[in-house]
Each structure stands twice: as C-alpha cells, then as structure tokens.
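Trainee: Quick one: the structure is below, questions incoming.
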Amino acid sequence: MVGRSAAALVLALLLAACAQSTPRQEIVLGAIYPLSGPQASGGKSELAGVQAALRASDAGVRLEVIDATTPQAAAAAVDTLVRHYHVPAILGTYGSTLSAAASARAEELKTVYWETGAVADPITAQRHYVFRTVATGSSLGRMAVTFTRDVLVPKYALTRPRAVVVRVDDVYGRSVGGGEVELAKSAGIDVVDVIEYNPNAYDPNVIAARLAQDSADFLWDVSYLDDGVDIWRALLSNQVSFKGAIGTSSAFCMPEFSARLGVGSVGVYAADKPDSDISLAALSPSGQALLAKAKAAYTGASMDIPAVAGFVGGWTLFHHVLPNVQGQVDAESIRAAALKVDVPVGDSINGGGVKFAGPGALDEGQNVRAAAVVGQWQAVGVMKVVYPPAYAGTPQ
C-alpha cells in the first residue's frame, strides 16, 4: 500500500509540474496603423496606447503590426494579416479613410475589426464584425455645437448666432460636419456656409476670403493637421476672426497644431476624445486606478488623445473580451464576447464606458458610452479640457 501511495504521489507531482510548465497558448492578432506619412504622429501614439494596454493586461497576445498610409495599403494589410498570419481580429487604424477601407475588407473576410481611433460614422454602419470603442465623427461634431450653444452663445449674449463649417471632402469630414449641421438647426444656430475642400488641392487664402465674407460668429473646422494649420494661418494673416473656433480630432487637438502655430493657436478649441489629463472627477475609483496603471505601462512622456484612445480600445479587447471568449478564439467567439462587454461610464480611463450596440442596430458594434470633450489651447503646447464641466480640471 505504501508503494502504491508513493507512486500516486509522484504521478500527481509530475502532472502538476507539467501543468505549470505548459505555456499559455499565444494569440496572434493584427494591427494596422499609419506609422509613416502625414498621420504618423497620431498613428504611433495610438499604437503605443494599444501596446501599453497589452503590457498592463498580460493577455498572452502577440501583435503583428503593419504600417499603412493609404486606403489601398490598409485593405491589402487586412489580406496579409488574415491569409498569412490567420488572425481572428485586427486592431487599427487612427485614420478614418484608412479604417473605412480596412474595416470593409475585414467585414468581407468575416474577421473582427477593432477600431481604436477613427471616427467616421460609416465605419460601423451596417457591419457585423466591426467594433469601435471611440466616439463617432457625428458625435464629435455635435459636441462642438453643444459647447457653442451652452457656453459660447450665452457668453456673448447672442440672439441670432451664425456659424460656418469648413470640412475636408471625405468620409471623415462629412461625418463630423454632418453632425454639426444637423444639430445646429435644433440648437438655434444658423449655419450660413459649408465649405468643402480637397485636402490634396486647396488654397487656404481662398477659403479665408470666403470665411471673411460669411461674417460668422463661430467656425467649426474639420481638417487634417497640415491643411488645418494652413487654413488657420491664412485666417490669422488675413485677420479673419471669430468669437469661437472649434476644430475636431485630426488637427486642432494635436500637439503639433500648437507647436507649429505658436501663439496663433492660443484660444482655439477642439472637440475630441479625452487625453489623460482630464479631471479625476470624471473617473470612478476603478477608472482612477486603471489610469494610474495605464500611465505606468505607457512608454512615452505623456498619454495624448490618440494614446488614451488606443489604450481604451486595447484594454477593452485584451481585458474584457479575450478572457471571456468561450472555446476556440476565432472571429465568431470574439464577436460574441464583445457584445457582452458592459463597462460603466467612468470606469474607462477617458471617463467613458463600453457597451456596444447589438445586432439589429444601424451602428452595430459602436460603443454607445464613448467619451467626447472640448479642450482649449490656453498657452503654446498647453491644452485644457473645458467641457463638459465634469471633465474640466477647473470650473469654466
């Protein structure tokens, strides 16, 4: 009996040792971001946020990253990741035109596309395998209008406020600008002009001259960084002024916008996703603890807007979805787990939460608890969140 007991004990110890030494199966996922070209700054920051979330979550995931700077390259990257690396999900993409192409191709291949930063509305419209953790473009546009209505119009005691929209003529510009025009009607703000332009062929001085003729109180601008800077410089040099100018996510909020314009950027507003400097009052205790964890895992100097967006998207996938996948990790099981995610508002590091619109919704896969704010350049290189009040560091 003693011999049998000893043998059983040895066998149990061996099995335990084998179990402890068996490595966790690595999950390979794809990632597509613009790491070169005009959107490289934002793309690198967003990917760095995703990578920080991966380090913080210890999810056992390896990312195959592809640099894509054009819609065609983004779609081709999806093919490479699915057919060569057999990934069940792909994270991306920062840029809306890139995401529109990549997410459409992923949908065709029945692969989950996990958008961490691009805001154009059609990305999640009538899609089955596409999920987005950040706000839509139209919601950012509505945030700009809401801020104008709630803060700027009363500040200047305007009875008949007038606004003008400048927007890049693509899926990003139409999403944000469309949200602005739509809400302005019910907000009692008269949109006197909508100026669309080709970001590859435009004359900023012509745009400035048209804006001078419009004589609007407010400017809502939807541009990319290079053209946004050019247009604002033209407005400054032609002495075209507004009671308030509110840009959006791909230009006016970027640190380089202020760096390139210097004092010319001071006073400009931007409607966008939050960065890591929002008031802690916007975060729950869990959100505050996670923010500290995110900052510790982030390798850059500070977490800007794309980095925070990348972390939120990555953390949601690595921490809330993958550990809850039932059975084999594939596109269908990831999708099923994603639809069950229920993160309360305030628990994400940007003050939002996560709950995806479900099957049957027009925007299936869109996070209905995504956060949006308005910031202002209050000194060169210094942007402060000023709206909504819960997100602001100081009363406005």
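The values are calculated or read from the model by the stated rules, or taken from the named source; none is laboratory data. All of these numbers come straight from a predicted model, not from anything done at the bench. Here Cβ is always computed from backbone atoms with ideal geometry, including for glycine, and neighbour counts include all displayed protein chains.
Trainee: Any residue at all in segment 242-249 that's under 18 Å from residue 135 (Cα atoms), in contact (Cβ under 8 Å) with a residue 12 or more places away in the chain and assigned to a loop (DSSP other than H, G, I, E, B)?
Mentor: yes
Trainee: State all residues of segment 160-193 that are out of contact with any Asp or Glu (no Cβ under 6 Å at 6 or more places or on another chain), of a type in the set (A, V, I, L, M) and closer than 14 Å to residue 144 by Cα; if no residue qualifies, say none.
Mentor: Of everything in segment 160-193, those that are out of contact with any Asp or Glu (no Cβ under 6 Å at 6 or more places or on another chain), of a type in the set (A, V, I, L, M) and closer than 14 Å to residue 144 by Cα turn out to be 163, 176, 181, 183, 184, 187, 189, 191.
Trainee: Among what's in segment 111-161 and is more than 18 Å from residue 375 (Cα to Cα) and β-branched (Val, Ile, Thr), pick the residue that is farthest from the chain's Cα centre (by Cα).
Mentor: 159
Trainee: To continue, here is another question. Looking at 227, 221, 203, can you tell me which residue is out of contact with any strand residue (DSSP E or B) (no Cβ under 6 Å at 6 or more places or on another chain), on the phi < 0 side of the Ramachandran plot and surrounded by 21 or more Cβ atoms within 10 Å (Cβ to Cβ)?
Mentor: 227
Trainee: Between residues in segment 275-298 that are under 15 Å from residue 56 (Cβ atoms) and residues that are among the acidic types (Asp, Glu), which pairs lie under 9 Å by C-beta distance while being six or more apart or on different chains?
Mentor: Hits for this filter: 276/304; 286/347; 287/347; 290/347.
Trainee: Right, next: Condition first: over 22 Å from residue 98 (Cβ atoms), in contact with a strand residue (DSSP E or B) (Cβ under 8 Å, 6 or more places away or on another chain) and surrounded by fewer than 23 Cβ atoms within 10 Å (Cβ to Cβ). Can you find one or more residues in segment 280-298 that meet it?
Mentor: There is no residue in segment 280-298 that is over 22 Å from residue 98 (Cβ atoms), in contact with a strand residue (DSSP E or B) (Cβ under 8 Å, 6 or more places away or on another chain) and surrounded by fewer than 23 Cβ atoms within 10 Å (Cβ to Cβ).
Trainee: Would you say residue 34 is modelled with pLDDT of 95 or more and over 17 Å from the mean Cα position of the chain (by Cα)?
Mentor: Numbers: modelled with pLDDT of 95 or more: yes; over 17 Å from the mean Cα position of the chain (by Cα): no.
So residue 34 does not fit the description; no.
Trainee: Next question, about the same structure. What single numbered condition from (1) farther than 13 Å from residue 133 by Cα; (2) out of contact with any Pro (no Cβ under 8 Å at 6 or more places or on another chain) fails to hold for residue 309?
Mentor: Answer for residue 309: the failing condition is (1).
Trainee: Also, I was wondering about something else. Looking only at segment 20-71, count every residue that is without any contact (Cβ under 8 Å) to a residue 60 or more places away in the chain and out of contact with any strand residue (DSSP E or B) (no Cβ under 8 Å at 6 or more places or on another chain) and tell me the total.
Mentor: 12
Trainee: Moving on. May I ask you to list the residues in segment 159-191 that are of a type in the set (Val, Ile, Thr) and part of a helix (DSSP H, G or I)?
Mentor: 171, 176, 181, listed by residue number.
Trainee: List pairs: first residue in segment 191-203 and assigned by TED's automatic domain parsing to the domain that holds residue 219 and closer than 18 Å to residue 229 by Cβ, second residue part of a loop (DSSP other than H, G, I, E, B) and of a type outside the set (Lys, Arg) anywhere in the structure, Cβ distance under 7 angstrom, at least six positions apart or on different chains.
Mentor: 197/169; 198/169; 199/224
Trainee: The conditions are (1) in a helix (DSSP H, G or I); (2) touching a residue at least 40 places away in the same chain (Cβ under 8 Å); (3) of a type in the set (A, V, I, L, M, F, W, C); (4) under 23 Å from residue 108 (Cα atoms), and residue 362 fails exactly one of them. Which is it?
Mentor: (1)
Trainee: Among (1) within 17 Å of the chain's Cα centre (by Cα); (2) modelled with pLDDT of 95 or more; (3) aliphatic (A, V, I, L, M), there is one condition residue 278 misses while meeting the rest; what is its number?
Mentor: The single condition residue 278 does not satisfy is (2).
Trainee: I would also like to ask the following. Take residue 10 and tell me if it is β-branched (Val, Ile, Thr), at pLDDT below 95, farther than 18 Å from residue 323 by Cβ and surrounded by 10 or more Cβ atoms within 10 Å (Cβ to Cβ). So that I can check it myself, show each step before the final result.
Mentor: Numbers: β-branched (Val, Ile, Thr): yes; at pLDDT below 95: yes; farther than 18 Å from residue 323 by Cβ: yes; surrounded by 10 or more Cβ atoms within 10 Å (Cβ to Cβ): yes.
Criteria met by residue 10.
Trainee: Hey, does segment 59-69 have a residue that's part of a strand (DSSP E or B) and acidic (Asp, Glu)?
Mentor: Yes - at least one qualifying residue is present in segment 59-69.
Trainee: Here are some conditions: (1) surrounded by 15 or more Cβ atoms within 10 Å (Cβ to Cβ); (2) over 24 Å from residue 307 (Cα atoms); (3) of a type in the set (D, E, K, R). Residue 272 meets all but one. Which one does it not meet?
Mentor: (2)
Trainee: Just give me the residues in segment 120-135 being in contact (Cβ under 8 Å) with a residue 60 or more places away in the chain and farther than 16 Å from residue 314 by Cα, in sequence order.
Mentor: 121, 124, 125, 126, 127, 128, 129
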